[in-house]
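**Q** Before I ask anything, let me first share the structure, which is written out below as structure tokens.
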Amino acid sequence: MRFTFPLMAIGLEVAMIVLFGLLVQYETDHTIQQQSNSTKSTDAGRFIELYPLFQDVHVMIFVGFGFLMTFLKKYGFSSVGINLLIAALGLQWGTLVQGILHSHGQKIHVGIKSMINADFSTATVLISFGAVLGKISPVQMLIMTIIEIAVFAGNEHLVAEVFKASDIGASMTIHAFGAYFGLAVAGILYRPGLRRGHANEESVYHSDLFAMIGTLFLWMFWPSFNSAIAEAGNKQYMAIVNTYFSLAACVLTAYAFSSLVEHRGKLDMVHIQNATLAGGVAVGTCADMTIHPFIAMIIGSVAAMVSVLGFKFLTPLFATKLRIQDTCGVHNLHGLPGVIGGLAGIVAVAMEASDTNPNPAMQAAALGSSIGTAAVGGLITGLILKLPIWGQPSDQNCYDDSVFWEVPRWREHDNYFHEHGGQNQLEPEL
Amino acid sequence: MRFTFPLMAIGLEVAMIVLFGLLVQYETDHTIQQQSNSTKSTDAGRFIELYPLFQDVHVMIFVGFGFLMTFLKKYGFSSVGINLLIAALGLQWGTLVQGILHSHGQKIHVGIKSMINADFSTATVLISFGAVLGKISPVQMLIMTIIEIAVFAGNEHLVAEVFKASDIGASMTIHAFGAYFGLAVAGILYRPGLRRGHANEESVYHSDLFAMIGTLFLWMFWPSFNSAIAEAGNKQYMAIVNTYFSLAACVLTAYAFSSLVEHRGKLDMVHIQNATLAGGVAVGTCADMTIHPFIAMIIGSVAAMVSVLGFKFLTPLFATKLRIQDTCGVHNLHGLPGVIGGLAGIVAVAMEASDTNPNPAMQAAALGSSIGTAAVGGLITGLILKLPIWGQPSDQNCYDDSVFWEVPRWREHDNYFHEHGGQNQLEPEL
Amino acid sequence: MRFTFPLMAIGLEVAMIVLFGLLVQYETDHTIQQQSNSTKSTDAGRFIELYPLFQDVHVMIFVGFGFLMTFLKKYGFSSVGINLLIAALGLQWGTLVQGILHSHGQKIHVGIKSMINADFSTATVLISFGAVLGKISPVQMLIMTIIEIAVFAGNEHLVAEVFKASDIGASMTIHAFGAYFGLAVAGILYRPGLRRGHANEESVYHSDLFAMIGTLFLWMFWPSFNSAIAEAGNKQYMAIVNTYFSLAACVLTAYAFSSLVEHRGKLDMVHIQNATLAGGVAVGTCADMTIHPFIAMIIGSVAAMVSVLGFKFLTPLFATKLRIQDTCGVHNLHGLPGVIGGLAGIVAVAMEASDTNPNPAMQAAALGSSIGTAAVGGLITGLILKLPIWGQPSDQNCYDDSVFWEVPRWREHDNYFHEHGGQNQLEPEL
């Protein structure tokens, strides 16, 4: 294990640089636009107009997903740190894979949409990461990133180009796909020793607050996620408005059901951190259609309800019966709401809410393809990750940062708060 | 109490969905603009142009206000969590109430300005929330949200449409209004047992750092708050510039006075977290007028000074003499600076700094109306909240998350840091 | 010391207000544009178009730099708090100094570019602050801010107007300058008692997570930093794209080398927090040139490697041999990568990657000037700061917030976590 990680990381980066040198170049329109004193309708104008939405998505990927997973008391470094690592690898690889599929043999041109799509492609891996958190080494995560983004790009191409299905907020191709891919890998990587991981599978007070940073940035910027690559004008406007109201409705319903399912009516931080976001996932597929805000709010409410119930009843069942331990509950945040989004998309298309007339059957095929490809891809990836050459992660590797990180050391009893109190001895006591 | 909260939350969300179904629809201009290949001056262009400012305001509402209140050592979940709940309810209700008042019997059209205004309307409740933090249950907060936003919308309509007063950054209609409304409710909800709350009315080291996340995002994005609904072009430009410099001056003065009033010249985190923002509040009313940057800086400095002195001398007096316990000191951050803003607005208008010629007397009426409506509305709301049907919150309900939340449990002595040190036993000691 | 700080802060703010009153005024173009129904190519349109990039830079300055330094376990208040203080002073002073140099005797007009440049000028001081963190009092920091920004503005004028060198992302004029200025001051302020500071020169688990908030916001918004004042259109586009890919490559290489240099292959949080950003610094000078994305990735990778090696081998050497204690390792994040950036700029210009044809020799002069001016300026500033009139900071002043801040007090043994556990006695134990 000593040199596997650094050598693989360097090797991957060298490969990326070589491939970028061979395949990627700048968009050339900009040079032309600049000379003709460009107005807003041009590509250059569109670049700077969409840049704030790209940055919102960027914040979701790096701060949102990164901090959402810091709720575990001893796994914050890995959550936010490995999140950064795989997102940085993923966006380079995503640029290449998606570019190759779209460029039909020509050079890949990097523009604002390809940058947004590259960020999107990393989202699938980050979702899957939530399911395998604490069961997987950084080396395995690098491999999973390479495989999953390739499979994602293939499925996304199938959905968009062959089925011609509509999935603007990627409920199916990112959220459902990422969740079921991750669950399949988690199932393969299951080992009885994981039960010992339970002692670390807890939050502390401040780790729950760190996680809320992730929740809030995801929640606020989700309208940008669902609208970033939508058609300018009316469709982009509707994607923003529908997502905004779906999320607002989602919050109230998530709080209500969280209180309802806990035995003394209290609120549970896990639900608040996750189920409040389910509305953003579920409204994704039909976000840019004329579904009316109140329908978006119904979709958000249903997603919140399903998500809370999933956390309460389904996740424990998965762990005990199916032997799939879903660390962050991605099935409840991305899996089920992603399926709801796919189904809502079929209904919306059947009721002609979209003016580009996608086919309801093709929407169903897209949902099936996203789940099926993810499950098969995840199973195969899991088996590859189990190969002994990567170094079998020991049972120690359970939500414990000290396995992969230099963790700040304290002498025993060197309690920070104690020390700190000691320093203030000169101060009058309360 | 067991079912009151979930049933009320679900009931409110169902009501919102029904009302949205009946009253709300998309802006239709977008469809037209799209066809005519829209340029920037159109509504569709304006939507995406203002969207980044909307997102800045969004961050202020959810991260800014939410984390600003996490300074209490045992009340972080409620601060950031109930903040999210009432903001999500408030933006739906605000869309409806403000929409009804502006639409003159027609359908409510949702656009970027109505979304910004909906976020604004939640700000009033979040400000009031700061005054009653730890004295109020989630059920009571839902009721207060519904009442306060309705009263706010009425007063805002009066100020803008009847008095035709100028208040672009809402010093009067949001900040002063929210503060005095909250103080009135806090006065009614006062009970002697609150004194026991003092033990929890403290920060710990890291809770003060969490609160700084809120402070900084509020501070940075305040120019967006004061300019988001300003007239495009010159006025929006001035609102941004004036707020930027008012806030910068405010910081230096707040630090100076914090050090000045503390007995050994040290800085106090409460002042830094709050008084540094007073300049944003106080410059609000006249932000879009040609007041000159150096006047904005004077306004910011005066507000900082008043705010620090308020925290030091006025808040303790309020608690002991007036029996109004202002948990977060909203009187010093929003109340007094809001009044300064209103007064500055009267002077600016009298000196003809605004080219739309509002009337100084009407500006004064707007300030009086905002404070008066807030005080009366708050008193009545407080009495409604005291009705026994909502369940009288026990004295336990004092800055203690474990009353309403499932809080991470530790076995006694199961010290996180101790544990953590234990894990690193294999590491060489320092 | 009791009154030095507040009086100096008030005095500086009064001086700023007077100077703003005499020298600064609004941009007047806006009034004109507004009447002629402005389109995007006008100044007013450009203002609101660049405003999101300004806000990204703003977040980097206040949240990015502020939280990046919170890694020290007992110095979070000073890190984020003094960061806010000096940035707020710096942006006022920067507006004046840069304005005077650019306005050729006329009034200073405040626009979006002057606001971005004002934020930039504070960055130099914040970088230097990282080198002297824990060795310097707030009073000294105010003085250093005034001197350093004046020197910076002089050097920046020399580089841009006399040498006509290209340095769009300010690798030389901000990053290298800020680092070497800070190191020179740190060298002068060295005192043997600093060794006692080592006990506090550590992170705790959650302080490292707070620092990651800073890292991520710097990382995400660096493309905005390098492109904010670039020419609209093609050059701005390239500055964004090149920085985006340089940073992505930088992450992988930083992780690889962090693991490589640690004795058991673990990752080190200090490297992850800092070296992942080196690519943004190093690509700065040539960010808006047609260097091709893969070259940007190579620059980012080299910077990451140099940065990690610097942290591992150079920083300890500096502290012991050169008696320069670089608290945050700014030499590795800003110094060395800034030099790499300057060198890459010389090569890029020599290979005619820039269409404005700067001179390679002049680029070299710019790099030399930035480092030379910084070193001399820093030495003189250090000597001024050592004057006894400012109050010699005691050896206590070592990464300990309780010297300058009212720190939350606990009675001894009043352990927060213990207490908290106690509260939950009614809950069933695990």
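The values are calculated or read from the model by the stated rules, or taken from the named source; none is laboratory data. Since the model is a prediction, treat every value here as computed from it, not as a measurement. Here the Cβ is made from the backbone with ideal geometry for all residues, glycine too, and neighbour counts use every protein chain on show.
**Q** Go through the range B:213-234 and count every residue that is at pLDDT below 95 and either crowded, with 24+ Cβ neighbours inside 10 Å or not hydrophobic (A, V, I, L, M, F, W, C) (or both).
**A** Residues meeting the conditions: 3.
**Q** Would you confirm whether any residue within the range A:228-238 is among the hydrophobic types (A, V, I, L, M, F, W, C), within 28 Å of residue B:215 (Cβ to Cβ) and out of contact with any Asp or Glu (no Cβ under 7 Å at 6 or more places or on another chain)?
**A** Here is the first cut: in the range A:228-238, the residues among the hydrophobic types (A, V, I, L, M, F, W, C) are A:228-230, A:232, A:238.
Retained after the next criterion (residues that are within 28 Å of residue B:215 (Cβ to Cβ)): none.
No.
**Q** Something else about it: Of everything in the range A:41-73, what is over 24 Å from residue C:204 (Cβ atoms), at the interface with another protein chain (Cβ under 8 Å from one of its Cβ atoms) and outside any helix (DSSP H, G or I)? Give them in sequence order.
**A** Scanning the range A:41-73 gives a single hit, A:41.
**Q** Taking the range C:375-403 as the search range and keeping residues that are among the acidic types (Asp, Glu) and in a loop (DSSP other than H, G, I, E, B), which one is nearest to the other protein chains (Cβ to nearest Cβ)? Before the answer, list the steps.
**A** Our first condition is that a residue be among the acidic types (Asp, Glu); within the range C:375-403, this holds for C:395, C:400-401.
Then keep just the ones that are in a loop (DSSP other than H, G, I, E, B); that gives C:395, C:400.
Details: C:395: 14, C:400: 7 Å.
Within the range C:375-403, the match that is nearest to the other protein chains (Cβ to nearest Cβ) is C:400.
**Q** Right, another one. Go over the candidates A:306, A:283 one by one and state the one that is surrounded by fewer than 24 Cβ atoms within 10 Å (Cβ to Cβ), within 23 Å of residue B:10 (Cα to Cα) and among the β-branched types (Val, Ile, Thr).
**A** Working: A:283 fails: surrounded by fewer than 24 Cβ atoms within 10 Å (Cβ to Cβ).
None of the other options fit; the residue is A:306.
**Q** Kindly indicate which of B:154, B:214, B:182 is out of contact with any His (no Cβ under 7 Å at 6 or more places or on another chain) and closer than 17 Å to residue B:117 by Cβ.
**A** Numbers: B:214 fails: closer than 17 Å to residue B:117 by Cβ; B:182 fails: closer than 17 Å to residue B:117 by Cβ.
Criteria check complete, one pass: B:154.
**Q** OK, next. Going by what's in this entry, would residue C:372 be described as within 30 Å of residue C:291 (Cα to Cα) and either at pLDDT 85 or above or within 14 Å of chain A (Cβ to nearest Cβ) (or both)?
**A** Details: within 30 Å of residue C:291 (Cα to Cα): yes; either at pLDDT 85 or above or within 14 Å of chain A (Cβ to nearest Cβ) (or both): yes.
So residue C:372 fits the description; yes.
**Q** Continuing with the same structure: Which one of C:67, C:77 is in contact with a strand residue (DSSP E or B) (Cβ under 6 Å, 6 or more places away or on another chain), under 14 Å from residue B:209 (Cβ atoms) and touching a residue at least 60 places away in the same chain (Cβ under 8 Å)?
**A** Values: C:67 fails: in contact with a strand residue (DSSP E or B) (Cβ under 6 Å, 6 or more places away or on another chain).
The conditions single out C:77.
**Q** Picking from C:152, C:163, C:129, which residue would you name as being aromatic (Phe, Trp, Tyr) and within 26 Å of residue C:401 (Cβ to Cβ)? Walk me through it before giving the result.
**A** Working: C:152 fails: within 26 Å of residue C:401 (Cβ to Cβ); C:163 fails: within 26 Å of residue C:401 (Cβ to Cβ).
From the options C:152, C:163, C:129, the qualifying one is C:129.
**Q** If I go through the range C:243-268 residue by residue, how many of them are among the hydroxyl-bearing types (Ser, Thr, Tyr), facing chain A (nearest Cβ under 7 Å) and in contact with a strand residue (DSSP E or B) (Cβ under 8 Å, 6 or more places away or on another chain)?
**A** We begin by selecting, within the range C:243-268, every residue among the hydroxyl-bearing types (Ser, Thr, Tyr); these are C:243-244, C:246, C:253, C:255, C:258-259.
Now narrow it down to the ones that are facing chain A (nearest Cβ under 7 Å): C:244, C:253, C:255, C:259.
Still in the list and also in contact with a strand residue (DSSP E or B) (Cβ under 8 Å, 6 or more places away or on another chain): C:255, C:259.
Number satisfying all stated conditions: 2.
**Q** Take the range B:1-18 and flag every residue that is charged (D, E, K, R) and either in a helix (DSSP H, G or I) or at pLDDT 95 or above (or both). Give the derivation first.
**A** Within the range B:1-18, the first condition is being charged (D, E, K, R), and the residues that meet it are B:2, B:13.
The one that is charged (D, E, K, R) and either in a helix (DSSP H, G or I) or at pLDDT 95 or above (or both): B:13.
To keep it simple, each residue is scored yes or no on (1) in a helix (DSSP H, G or I); (2) under 22 Å from residue C:123 (Cα atoms); (3) more than 18 Å from the chain's Cα centre (by Cα).
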site: C:263; (1), (2), (3): no, no, yes
site: C:273; (1), (2), (3): yes, yes, no
site: C:311; (1), (2), (3): yes, yes, no
site: C:317; (1), (2), (3): yes, no, yes
site: C:328; (1), (2), (3): no, yes, no
site: C:333; (1), (2), (3): yes, yes, no
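**Q** Residue C:296 - would you say it is touching a residue at least 40 places away in the same chain (Cβ under 8 Å) and either at the interface with chain A (Cβ under 7 Å from one of its Cβ atoms) or within 24 Å of residue C:366 (Cα to Cα) (or both)? Full working, then the answer.
**A** Details: touching a residue at least 40 places away in the same chain (Cβ under 8 Å): yes; either at the interface with chain A (Cβ under 7 Å from one of its Cβ atoms) or within 24 Å of residue C:366 (Cα to Cα) (or both): yes.
Answer is yes for this residue.
**Q** Shifting gears a bit: Being under 30 Å from residue A:233 (Cα atoms) and either modelled with pLDDT of 95 or more or out of contact with any helix residue (DSSP H, G or I) (no Cβ under 6 Å at 6 or more places or on another chain) (or both) is the requirement here; does residue A:21 meet it? Give the derivation first.
**A** Working: under 30 Å from residue A:233 (Cα atoms): no; either modelled with pLDDT of 95 or more or out of contact with any helix residue (DSSP H, G or I) (no Cβ under 6 Å at 6 or more places or on another chain) (or both): yes.
No: the conditions fail for residue A:21.
Residue by residue, here is whether (1) farther than 30 Å from residue C:270 by Cβ; (2) modelled with pLDDT of 95 or more holds:
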{"residue": "C:324", "(1), (2)": "no, no"}
{"residue": "C:330", "(1), (2)": "no, yes"}
{"residue": "C:336", "(1), (2)": "no, yes"}
{"residue": "C:339", "(1), (2)": "no, yes"}
{"residue": "C:344", "(1), (2)": "no, yes"}
{"residue": "C:352", "(1), (2)": "yes, no"}
{"residue": "C:358", "(1), (2)": "yes, no"}
{"residue": "C:363", "(1), (2)": "yes, yes"}
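**Q** From (1) polar (S, T, N, Q); (2) touching a residue at least 24 places away in the same chain (Cβ under 8 Å); (3) in a helix (DSSP H, G or I), pick out the condition that doesn't hold for residue C:356.
**A** Among (1) polar (S, T, N, Q); (2) touching a residue at least 24 places away in the same chain (Cβ under 8 Å); (3) in a helix (DSSP H, G or I), the lone unmet condition for residue C:356 is (3).
**Q** Looking only at the range A:200-229, filter to residues that are over 19 Å from the mean Cα position of the chain (by Cα) and part of a loop (DSSP other than H, G, I, E, B); which one of those is farthest from the other protein chains (Cβ to nearest Cβ)?
**A** A:201
**Q** Please find, within the range B:286-301, the residue that is surrounded by the fewest Cβ atoms within 10 Å (Cβ to Cβ) out of those that are more than 19 Å from residue C:111 (Cα to Cα) and of a type in the set (Val, Ile, Thr).
**A** So, considering only residues that are more than 19 Å from residue C:111 (Cα to Cα) and of a type in the set (Val, Ile, Thr), the one surrounded by the fewest Cβ atoms within 10 Å (Cβ to Cβ) is B:298.
**Q** Could I ask something else about it? Which condition breaks for residue A:294 when tested against (1) in contact with a strand residue (DSSP E or B) (Cβ under 8 Å, 6 or more places away or on another chain); (2) assigned to a loop (DSSP other than H, G, I, E, B)?
**A** (2)
**Q** Between B:418, B:413, which is out of contact with any Lys or Arg (no Cβ under 6 Å at 6 or more places or on another chain), modelled with pLDDT under 95, within 14 Å of chain A (Cβ to nearest Cβ) and surrounded by fewer than 15 Cβ atoms within 10 Å (Cβ to Cβ)? Show your work before the answer.
**A** Details: B:418 fails: surrounded by fewer than 15 Cβ atoms within 10 Å (Cβ to Cβ).
When all the criteria are applied, what remains is B:413.
**Q** Among the residues that make up the range A:235-254, is at least one of them more than 27 Å from residue A:348 (Cα to Cα) and either surrounded by 24 or more Cβ atoms within 10 Å (Cβ to Cβ) or among the basic types (Lys, Arg) (or both)? Outline the logic, then answer.
**A** Kept after step one, since they are more than 27 Å from residue A:348 (Cα to Cα), are these residues of the range A:235-254: none.
Scanning the range A:235-254, I find no residue that is more than 27 Å from residue A:348 (Cα to Cα) and either surrounded by 24 or more Cβ atoms within 10 Å (Cβ to Cβ) or among the basic types (Lys, Arg) (or both), so the answer is no.
**Q** Mind listing whichever residues of the range C:161-195 are hydroxyl-bearing (Ser, Thr, Tyr) and modelled with pLDDT under 95?
**A** Step one: of the range C:161-195, the residues hydroxyl-bearing (Ser, Thr, Tyr) are C:166, C:171, C:173, C:180, C:190.
If the condition is that a residue be hydroxyl-bearing (Ser, Thr, Tyr) and modelled with pLDDT under 95, then C:190 is the only one that fits.
**Q** Does the range B:174-187 contain any residue that is within 30 Å of residue C:111 (Cβ to Cβ) and either within 14 Å of chain C (Cβ to nearest Cβ) or not charged (D, E, K, R) (or both)?
**A** As a first pass, look at the range B:174-187 and keep what is within 30 Å of residue C:111 (Cβ to Cβ): B:174-175.
From the residues that got through so far, the ones that are either within 14 Å of chain C (Cβ to nearest Cβ) or not charged (D, E, K, R) (or both) too are B:174-175.
For the range B:174-187, residues within 30 Å of residue C:111 (Cβ to Cβ) and either within 14 Å of chain C (Cβ to nearest Cβ) or not charged (D, E, K, R) (or both): present.
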